[in-house]
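Written below as structure tokens is the structure these notes are about.
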Amino acid sequence: MDGKFISFEGGEGSGKSTQLKLLASAFEKSALPFISTREPGGSKGAEKIRSLLVSGDTDSWDSLTETLLFNAARADHLNKLVLPALKENKTVICDRFLDSTIVYQGIGKGLNEAYIKSLHHIIFGNFMPDLTIILDISPEKGLMRAGGRGDNENRFEKLDIEFHRKIRDGFLNIAKRESERCVVLDATQNLDILHKQIIETIAIRCGIKL
């Protein structure tokens, strides 16, 4: 596989969707082959599973069931969309991946992190992003932003502030442990400044100039 897989991570309201749209526009202007996708979702089957995970009551699923659902969605997403795109030498930019499962279901909800990683390894081998950009924001600011979106995909947003503080700390700890893969950027910056930092990061880390 010659294409690059770039994931975006961060807590609720960190602006991932906005920055992914700006990045997709930059790829289009540069006429470079790419796809923009998301997890859970991205493929037809995975989008059906997404509807079970991101809406409804906070206690709809326990952490183990959530993890299994996320992996089922990820399997469909990778096999039907991501891996074929990478084989065609396309860059794949993705809103969330394994780090979110580790942080939300593991660190946030208490499922053993080693179990989540071993399950990923059994199903997907060593497949991981070439670059992960973590957009960092305080949970208080992030939840205020997220509350203004007005959609019903708010199942995780409804969890208490302590949960969201664990989420932030979890992403930052992953970034420290895996600094070769992860870059942390301040999500509270001006949108255009943050976009330029993302473009620069992708050029340095992946050799893709936009």
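Bear in mind these aren't lab numbers, they're just calculated from the coordinates by the rules spelled out. Quick caveat: nothing in here was measured; it's all calculated off a predicted structure. All Cβ positions, even for glycine, are placed from backbone atoms using ideal geometry, and neighbour counts span all protein chains on display.
Would you mind telling me which residue in 114, 75, 26 has the biggest mean-square fluctuation in a Gaussian network model of the chain, where springs connect alpha carbons within a distance under 10 angstrom?
114
Cβ under 14 Å from residue 59's Cβ, residue 59 left aside: what net charge do those residues give with Lys, Arg +1 and Asp, Glu -1?
-1
For a label point 7 angstrom out from the Cα of residue 65 toward its Cβ, which stretches of the range 15-54 have the backbone nitrogen within less than 16 Å?
Once the point is set 7 Å along Cα→Cβ of residue 65, 49-54 turn out to lie under 16 Å by backbone N, inside the range 15-54.
Consider just the alpha-carbon atoms of the chain and return their Rg together with their Dmax, both in angstrom.
Spelled out, the Cα radius of gyration and Dmax of the chain are 16.1, 44 Å.
What full-extension length gain, to one decimal in nm, is calculated for residue 17 and residue 55 as 0.36 nm per residue of separation minus the Cα-Cα distance?
11.9 nm
List, in order, the whole-Hz ³J(HN,Hα) value for each residue of the range 82-90 obtained from phi through the Karplus relation with A = 6.51, B = -1.76, C = 1.60 and θ = phi - 60°; use x for Gly and Pro.
Here the 3J(HN,Hα) series is 5, 5, x, 5, 5, 5, 8, 6, 8 Hz.
Which whole-number percent gives the relative contact order of the range 66-154, counting Cα pairs below 8 Å spaced six or more residues apart?
Value for the range 66-154: 24 percent.
Over the chain, what is the mean sequence separation of C-alpha contacts under 8 Å (at least six apart), divided by residue count, expressed as relative contact order in percent?
33 percent
Using a 10 angstrom cutoff on alpha carbons, build the Gaussian network for the chain and name the most mobile of 42, 170, 110.
Checking each option, the largest mean-square fluctuation is seen for 110.
Can you give the charge dipole size of the chain about its Cα centre, rounded to the nearest 20 debye, using +1 on the beta carbon of Lys and Arg and -1 on the beta carbon of Asp and Glu? Please list the in-between numbers first.
Working: 29 positive and 29 negative charges, 102 e Å.
Value, rounded to 20: 500 debye.
So what is the 222 nm mean residue ellipticity for the chain from helices alone, if each DSSP H run of at least 4 adds -39500 (n - 2.57) and you divide by all residues, rounding to the nearest 500 deg cm²/dmol?
Working: 9 runs with 103 residues, N = 210.
For the chain, the value works out to -15000 deg cm²/dmol.
Whole percent per 5 Å bin, from 0 to the bin with the longest distance: what is P(r) over all C-alpha pairs of the range 16-84?
Going from the shortest bin to the longest, the percentages are 3, 16, 20, 18, 18, 12, 7, 3, 1.
For residue 89, put the label point 7 Å out on the Cα→Cβ axis and report which residues of the range 18-41 keep their amide N under 12 Å from it.
Residues passing the 12 Å test: 33.
Can you give me the long-range amide H partners of residue 5? Hydrogens built in the peptide plane at 1.01 Å from N, cutoff under 5 Å, separation of 5 or more residues or another chain.
So residue 5 has HN proximity to 92, 130, 131.
Within 10 Å of each residue's Cβ, count the other Cβ atoms and sort 76, 99, 169, 186 from fewest upward.
Fewest to most other Cβ atoms nearby, the residues stand as 186, 169, 76, 99.
Pull out the extension gain between residue 145 and residue 118, defined as 0.36 nm times the separation in residues minus the alpha carbon to alpha carbon distance; nm, one decimal.
6.3 nm
For the range 101-210, which trypsin sites (Lys or Arg not before Pro) are both in a DSSP coil and crowded by at most 15 other Cβ atoms within 10 Å?
Those that pass, being in a loop and sparsely packed, are 149, 158, 209.
Distance between Cα centroids, the range 168-210 to the range 26-47: provide it in whole Å.
The distance from the Cα centre of the range 168-210 to that of the range 26-47 comes to 19 Å.
With springs connecting C-alpha atoms under 10 Å apart, model the chain as a Gaussian network and identify which of 118, 36, 63 has the largest mean-square fluctuation.
Answer for the Gaussian network model of the chain: 118.
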